[in-house]
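**Student:** Please find one structure pasted underneath; my questions will follow.
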Amino acid sequence: MTGPVLAVDQGTSGTKALVVCPERGVIGSGFAAVRPRHPSGGLVEADPAELYGSVLDAGRQALAEAGEPVVALGLANQGETVLAWDPATGRPLADALVWQDRRAETVCAELALHADELRQLTGLPLDPYFAAPKMAWIRRHLTRDGVVTTSDAWLVHRLTGAFVTDAATAGRTQLLDLDSAVWSPRALGLYGLSDERLPEVVDAAGPVGVTTAFGPEIPLTGLVVDQQAALLAQRVTAPGTAKCTYGTGAFLLAHTGDAPRRSGSGLVGCVAWRLAGRTSYCLDGQVYTAASAVRWLGELGVIEDAADLDRVGSAVPDSGGVTFVPALAGLAAPWWRGDVRGSLTGLGLDTTPGHLVRALCEGLAAQVVALADAAAADLGAPLEVLRADGGLTRSALLMQTQADLLQRPVEVSALPDATALGVGALARIGATPGLGVEEALPEWKPAAVYEPRVPADEAAERLARFRAAVTALLDGAPA
């Protein structure tokens, strides 16, 4: 089956939709904002109606701009965002708990004695970032009615009536057996979710159902979690290379082949995708706040928005001794301390907005270096190059800082919407029998390559300052 496909990336702060033609590239695009709410105490919520509405709005914009029919639909999702809903009507039964939400810490605390067992079963550490703790919290505190699932299952049900999730998204719950890629009765039992009706786990590419939500009938044939979609679009399809997406958070994924790995360095072992019944795996590391930390700096009036990073940061040659640990929603991999909050140290009367911007870029880049080091330790070899995508890659200052601290080249993707393009490729594979992955993927080439400009000893010194600040935070926070 040839022809354009509609690729939809339902993200934390908005939904991006592209109409992608195999010959002409992107011929239509749309965007609809989503505004999560941040009540006090580490809570992050979203209105499910806004999530679904953003999918429809962005998709219709893209189709209108393209002005021609599409042959298939692909949908990427946030991964760990969870809600309860009525499977008879599709009506949400409560607000969605966004992946950054920390309210399920109480659930994790009760399961602390089973943390090693759960990591061995599922590849995931015990942390409220993942879906299962949120699902259990909803069942205890909000409602026993309906079903409780990740957001993709609800969106797919609204679009097509099907009750499915793909293997990579299921792998973000801490309820999937990492080795067999099927729901784990033991994990379900530990979370008190044994009686739940769970969606069928399906391949990332293949017929799921048909939707008329955008007007004409469109088959849904691609379904995957957002970071794995970007991994695919970056053509990281075999071990040796990693990608980092700089969005609301920053997410580094390294492909590990056809065998699952349990990280010994604080990363997450998870499903990359399942195609034609064959499961590929990856290691995954997270930085909870990237663009959201930049937005926070904007809300304080230090900058106007992310486009200001380079202008304001270039006013000074370095961070002026300021160290910023931007753990505004806690520290994720490899530390897994969601209780920790960020710090700004080394401030003086001579500190300027430029110093704060540079310190933020160093703090973000240093966390990604920690993830890359952990991946190298697990894989037994250093990463030779890092491929980067996401909105913050537009900042030359951040990307150069990343290359300097990593001491490796950083290749910035020429594909600004890698997640959507990745799920678009899956939709094409699912709609076209016999089409291979390499044939379906967009051509990959970097828009820019950032080489390290500082010597290794200077990079090590800057990283040591950041690590000392992290250690001070960890020592000062309750374990």
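The values are calculated or read from the model by the stated rules, or taken from the named source; none is laboratory data. Everything quoted here is computed from the prediction, not taken from an experiment. So basically every Cβ, Gly included, is an ideal-geometry build from the backbone, and we count neighbours across all protein chains shown.
**Student:** Can you list residue pairs whose Cβ atoms sit under 7 Å apart, with the first residue in the range 344-370 being closer than 16 Å to Val316 by Cβ and the second being of a type in the set (D, E, K, R)? Count only pairs 6 or more apart in sequence or on different chains.
**Tutor:** Arg358/Asp318; Glu362/Arg462
**Student:** Please pick out the residue among Glu80, Glu23 that is in the same structural domain as Ala153 (by TED's automatic domain parsing) and surrounded by fewer than 24 Cβ atoms within 10 Å (Cβ to Cβ).
**Tutor:** Selected residue: Glu23, the only one of Glu80, Glu23 that is in the same structural domain as Ala153 (by TED's automatic domain parsing) and surrounded by fewer than 24 Cβ atoms within 10 Å (Cβ to Cβ).
**Student:** Residues in the range 102-117: is at least one in contact with a helix residue (DSSP H, G or I) (Cβ under 8 Å, 6 or more places away or on another chain), under 30 Å from Leu426 (Cβ atoms), surrounded by fewer than 24 Cβ atoms within 10 Å (Cβ to Cβ) and in the same structural domain as Val210 (by TED's automatic domain parsing)?
**Tutor:** The answer is no; no qualifying residue exists.
**Student:** Could you tell me which of the residues Ala290, Ala307, Ala333 is closer than 17 Å to Met399 by Cα and in contact with a helix residue (DSSP H, G or I) (Cβ under 7 Å, 6 or more places away or on another chain)? Before you say what the answer is, go through the steps one by one.
**Tutor:** Details: Ala307 fails: in contact with a helix residue (DSSP H, G or I) (Cβ under 7 Å, 6 or more places away or on another chain); Ala333 fails: closer than 17 Å to Met399 by Cα.
Matching residue, one of Ala290, Ala307, Ala333: Ala290.
**Student:** Another question, then. Among the residues of the range 192-211, count how many are in a loop (DSSP other than H, G, I, E, B), surrounded by fewer than 22 Cβ atoms within 10 Å (Cβ to Cβ) and not aliphatic (A, V, I, L, M).
**Tutor:** So in the range 192-211, the residues in a loop (DSSP other than H, G, I, E, B) come out as 192-199, 203-204.
Keeping just the survivors that are surrounded by fewer than 22 Cβ atoms within 10 Å (Cβ to Cβ) gives 192-198.
Within this subset, residues satisfying the condition of being not aliphatic (A, V, I, L, M) are 192, 194-197.
Counting residues in the range 192-211 that are in a loop (DSSP other than H, G, I, E, B), surrounded by fewer than 22 Cβ atoms within 10 Å (Cβ to Cβ) and not aliphatic (A, V, I, L, M) gives 5.
**Student:** I'm trying to understand the selection: among the residues of the range 51-70, which are in contact with a helix residue (DSSP H, G or I) (Cβ under 8 Å, 6 or more places away or on another chain) and either among the polar types (S, T, N, Q) or assigned to a helix (DSSP H, G or I) (or both)?
**Tutor:** In the first step, residues of the range 51-70 are kept if they are in contact with a helix residue (DSSP H, G or I) (Cβ under 8 Å, 6 or more places away or on another chain); the result is 51-52, 55, 70.
Within the range 51-70, Leu51, Tyr52, Val55 meet the criteria.
Quick grid of which residues meet (1) touching a strand residue (DSSP E or B) at 6+ places or on another chain (Cβ under 7 Å); (2) outside any loop (DSSP other than H, G, I, E, B); (3) within 19 Å of Ser184 (Cβ to Cβ); (4) among the small types (Gly, Ala, Ser):
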| site | (1), (2), (3), (4) |
| --- | --- |
| Ala76 | yes, yes, no, yes |
| Ala109 | no, yes, no, yes |
| Gln120 | no, yes, yes, no |
| Arg140 | no, yes, no, no |
| Val148 | yes, yes, yes, no |
| Thr165 | yes, yes, yes, no |
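**Student:** Only one of these is more than 29 Å from Lys16 (Cβ to Cβ) and either surrounded by fewer than 24 Cβ atoms within 10 Å (Cβ to Cβ) or of a type in the set (S, T, N, Q) (or both): Gly348, Gly391. Name it.
**Tutor:** Numbers: Gly391 fails: more than 29 Å from Lys16 (Cβ to Cβ).
Exactly one of Gly348, Gly391 is more than 29 Å from Lys16 (Cβ to Cβ) and either surrounded by fewer than 24 Cβ atoms within 10 Å (Cβ to Cβ) or of a type in the set (S, T, N, Q) (or both), namely Gly348.
**Student:** Right, another one. Could you please find all residues in the range 293-307 being touching a residue at least 60 places away in the same chain (Cβ under 8 Å) and buried (at least 20 other Cβ atoms within 10 Å of the Cβ)? Step through it out loud before you land on a result.
**Tutor:** In the first step, residues of the range 293-307 are kept if they are touching a residue at least 60 places away in the same chain (Cβ under 8 Å); the result is 293-294, 297, 306-307.
Correct list: Ala293, Val294, Leu297.
**Student:** Another one. Do you know which residues across the range 407-445 are at pLDDT below 90, acidic (Asp, Glu) and either closer than 15 Å to Thr241 by Cβ or part of a helix (DSSP H, G or I) (or both)?
**Tutor:** Glu438, Glu439
**Student:** Let me ask something additional. Between a residue in the range 148-174 that is over 20 Å from Ala230 (Cβ atoms) and any residue that is among the acidic types (Asp, Glu), which pairs come within a Cβ distance under 6 Å, given they are 6 or more apart or on different chains?
**Tutor:** The qualifying pairs are Val164/Glu200.
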